[in-house]
Amino acid sequence: MYRNYRNIEASLIDYITYELAYASPPWIIRVEKSFAEVYEGTPPCICVNEEDSDVKLREIGSNSYLEDILVSIRIFATSDGQRLDLAAWMLSKIMPGTNYYEYVISSGVVSSKVLKGTISVLKVTANRKELKNTDNLDVMDRYRHILSFKVRVALS
């Protein structure tokens with residue numbers, strides 16, 4: 001069974017993949033978990049990563065805590081226009097919140113996926129072109145965009 005962070009990544013990857021496929025017109029874009037997988041193919045591609053976690057006690061003396069998690073979504077586009085379009089589209093899809101699933105893994109593959117709550121966006125911490133001086137960069141990095149969100153999981 002995946003733990004919280006991997007469930008967040010997998011939930012977001014599944015959600016983004018679904019939304020891309022059913023957009024009008026559909027986007028033909030890979031969604032990956034790691035940079036290595038991004039660079040195995042060609043752009044466009046989206047990479048989802050849990051980056052950081054801020055844990056704080058709900059109150060003094062409590063064993064209960066709140067956890068705000070930083071999630072980064074990197075867009076590897078084929079042009080500056082596509083980068084901007086995908087960033088705006090992604091922001092519109094992620095901001096309302098997404099379903100949080102718990103994944104059970106058997107023999108390295110997902111054997112079940114159960115809806116357990118919602119991933120709520122608390123704050124957008126980055127929405128920008130990731131690399132500034134891109135003239136001499138490889139095509140994979142020339143039109144990179146980063147969206148970072150502080151999120152919290154609300155279990156139902």
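Is it fair to say Glu67 is out of contact with any Pro (no Cβ under 8 Å at 6 or more places or on another chain), outside any strand (DSSP E or B) and among the charged types (D, E, K, R)? It is false that Glu67 is out of contact with any Pro (no Cβ under 8 Å at 6 or more places or on another chain), outside any strand (DSSP E or B) and among the charged types (D, E, K, R). Could you give every pair whose Cβ atoms fall below 7 Å, whose first residue belongs to the range 80-98 and is closer than 13 Å to Glu19 by Cβ, and whose second residue is in a helix (DSSP H, G or I), counting only separations of at least 6 or pairs across chains? Sorted first by the residue in the range 80-98, then by its partner, the pairs are Lys93/Glu19; Thr98/Ser11; Thr98/Leu12; Thr98/Tyr15. Residues in the range 11-39 that are assigned to a helix (DSSP H, G or I) and either in contact with a His (Cβ under 8 Å, 6 or more places away or on another chain) or hydrophobic (A, V, I, L, M, F, W, C) (or both): Leu12, Ile13, Ile16, Leu20, Ala21, Phe35, Ala36, Val38. Selection over the range 60-108 of residues that are among the aromatic types (Phe, Trp, Tyr) and touching a Cys at 6+ places or on another chain (Cβ under 9 Å) gives a count of 1.
When restricted to residues that are closer than 23 Å to Tyr100 by Cα and either aliphatic (A, V, I, L, M) or in contact (Cβ under 8 Å) with a residue 60 or more places away in the chain (or both), the range 50-65 contains 4. Would you confirm whether or not the range 25-40 contains a residue that is under 15 Å from Phe149 (Cα atoms) and surrounded by fewer than 19 Cβ atoms within 10 Å (Cβ to Cβ)? No, the range 25-40 contains no residue that is under 15 Å from Phe149 (Cα atoms) and surrounded by fewer than 19 Cβ atoms within 10 Å (Cβ to Cβ).
Here the range 96-152 is the region considered, the condition is being among the hydrophobic types (A, V, I, L, M, F, W, C) and not in a strand (DSSP E or B), and the residue that is nearest to Cys47 (Cα to Cα) is Met140. Return yes when Leu84 is surrounded by 13 or more Cβ atoms within 10 Å (Cβ to Cβ), part of a helix (DSSP H, G or I) and of a type outside the set (Gly, Ala, Ser) and no when it is not. Here the answer is yes, as Leu84 does meet what is asked.
In the set (1) crowded, with 18+ Cβ neighbours inside 10 Å; (2) in contact with an Asp or Glu (Cβ under 9 Å, 6 or more places away or on another chain), Ala10 fails one condition alone, (2). I'd like to know if the range 20-30 contains one or more residues that are under 13 Å from the mean Cα position of the chain (by Cα) and under 23 Å from Lys116 (Cβ atoms). No.
Since every read-out is calculated from the coordinates, none of them should be taken as a lab result. A quick note: this is a predicted structure, and the numbers were derived from the prediction, not measured. Positions of Cβ are backbone-derived with ideal geometry, glycine not excepted, and every protein chain shown enters the neighbour counts.
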